[in-house]
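The block underneath contains the structure these notes are about, expressed in structure tokens.
The values are calculated or read from the model by the stated rules, or taken from the named source; none is laboratory data. These numbers come from a predicted model, not from an experiment. Cβ placement follows ideal geometry from the backbone for every residue including glycine, while neighbour counts extend to all protein chains displayed.
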């Protein structure tokens, strides 16, 4: 049976089925344009992270606005985008295992493909597969600059790995992946500035060691939505990998600017659209959007127009609005906008974006990378 989409272009907003994933195109377009302007003025490159949106239409719009390509986190995610016309992809992650590496090599026949490494055995495996497939892979050595996830220790260890890459016939040493993921959601500007300051110092140390070894880093990549202006202004990074800026989410809204005001450089453009399916009493309204409609790893979704109401009590198919602290009441069948707590895993729950302009559906964009987790 063919899946029935939640909406069709030209449909009024109030006829859109729920739960559905809404993109407000006015806010989305403004976010894309603002990032393009900020990156251009900083004189650095933009390579937005497609793990946020998993959508070839969005990737193309970002590239049309000046991005040189996109990042992906998984080979299958990259494959979905390349199959839909995106020809410049960095897998900003390690690719380990013969099936994944073979798929990466096959992908390099159709697009410019890059990948990150942090272990000599992985370099050897990539080199063998690239040689067997008669392709060249662009390789970034990932260094751990404080996230304590993937990455080799900055300095001499990174140089040894870079030398191994540079000596492999079918690998091209492109530079460094230097991403401080933990810094993105540090709430104060001072905390984020300190974390990125340390990341910059470790990156500079590694670049100096590379230079002494006669190795040039064409690319120094990293940054995210919470810190990108710090990396852009460092004089060290030249490629930014922001992702969430196009959508924003409730968790990013908890960050603060340098003056203590809420982080509002970009607007909320992504929403879970939900329907009031039950009104059991005047203290609670029940929505048809629960754990299967919005990721809660970074907190529960937030009502866009709350008037004091709070989303709570998410279960598989239901979410409740607490009305005890407000006079706001909801009618059966009324529809509401929820701001997801974390945009990336929320997107992965859906097949399509319902793109609206005002109160009208303008387009349906397929989420081609949905479920691409390998």
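When you scan the range 186-200, do you find a residue that is touching a helix residue (DSSP H, G or I) at 6+ places or on another chain (Cβ under 7 Å), crowded, with 18+ Cβ neighbours inside 10 Å, over 30 Å from residue 255 (Cα atoms) and without any contact (Cβ under 8 Å) to a residue 60 or more places away in the chain, even just one?
Checked the range 186-200: no residue is touching a helix residue (DSSP H, G or I) at 6+ places or on another chain (Cβ under 7 Å), crowded, with 18+ Cβ neighbours inside 10 Å, over 30 Å from residue 255 (Cα atoms) and without any contact (Cβ under 8 Å) to a residue 60 or more places away in the chain.
Evaluate the range 18-39: report whether one residue or more is assigned to a loop (DSSP other than H, G, I, E, B), assigned by TED's automatic domain parsing to the domain that holds residue 161, over 14 Å from the mean Cα position of the chain (by Cα) and under 23 Å from residue 174 (Cβ atoms).
No, there is no match, as no residue in the range 18-39 is assigned to a loop (DSSP other than H, G, I, E, B), assigned by TED's automatic domain parsing to the domain that holds residue 161, over 14 Å from the mean Cα position of the chain (by Cα) and under 23 Å from residue 174 (Cβ atoms).
Answer yes if at least one residue in the range 71-78 is touching a helix residue (DSSP H, G or I) at 6+ places or on another chain (Cβ under 9 Å) and at positive phi, and no otherwise.
no
Quick check, is residue 314 under 26 Å from the mean Cα position of the chain (by Cα) and touching a residue at least 60 places away in the same chain (Cβ under 8 Å)?
no
Which numbered condition in (1) buried (at least 23 other Cβ atoms within 10 Å of the Cβ); (2) not in a loop (DSSP other than H, G, I, E, B) is the only one that residue 57 fails?
Residue 57 satisfies every listed condition except (1).
Any chance you could count how many residues in the range 344-357 are closer than 21 Å to residue 12 by Cβ and either without any contact (Cβ under 8 Å) to a residue 24 or more places away in the chain or buried (at least 17 other Cβ atoms within 10 Å of the Cβ) (or both)?
Counting residues in the range 344-357 that are closer than 21 Å to residue 12 by Cβ and either without any contact (Cβ under 8 Å) to a residue 24 or more places away in the chain or buried (at least 17 other Cβ atoms within 10 Å of the Cβ) (or both) gives 6.
Take residues that are in contact with a helix residue (DSSP H, G or I) (Cβ under 8 Å, 6 or more places away or on another chain) and tell me which of the strands (runs of 3 or more DSSP E) falling wholly in the range 263-345 contain 1 or more.
Details: elements: 270-281, 284-287, 310-312, 319-322, 335-339.
Those strands (runs of 3 or more DSSP E) span 270-281, 335-339.
So which helices (runs of 4 or more DSSP H) are wholly in the range 68-179 and hold at least 3 residues that are more than 19 Å from the chain's Cα centre (by Cα) and either surrounded by fewer than 21 Cβ atoms within 10 Å (Cβ to Cβ) or not assigned by TED's automatic domain parsing to the domain that holds residue 35 (or both)? Please lay out each step first, then the result.
On the way: elements: 75-82, 98-107, 120-133, 156-167.
Because the criterion is at least 3 residues that are more than 19 Å from the chain's Cα centre (by Cα) and either surrounded by fewer than 21 Cβ atoms within 10 Å (Cβ to Cβ) or not assigned by TED's automatic domain parsing to the domain that holds residue 35 (or both), the helices (runs of 4 or more DSSP H) in the range 68-179 that meet it are 98-107, 120-133, 156-167.
Take the residues in the range 263-291 that are within 21 Å of the chain's Cα centre (by Cα) and without any contact (Cβ under 8 Å) to a residue 60 or more places away in the chain, then tell me which one is surrounded by the fewest Cβ atoms within 10 Å (Cβ to Cβ).
It comes out as 264.
Being out of contact with any strand residue (DSSP E or B) (no Cβ under 7 Å at 6 or more places or on another chain) and more than 19 Å from residue 179 (Cβ to Cβ) is the filter here, so list the residues in the range 59-88 that pass it.
60, 61, 63, 64, 65, 76, 79, 80, 83, 84, 85
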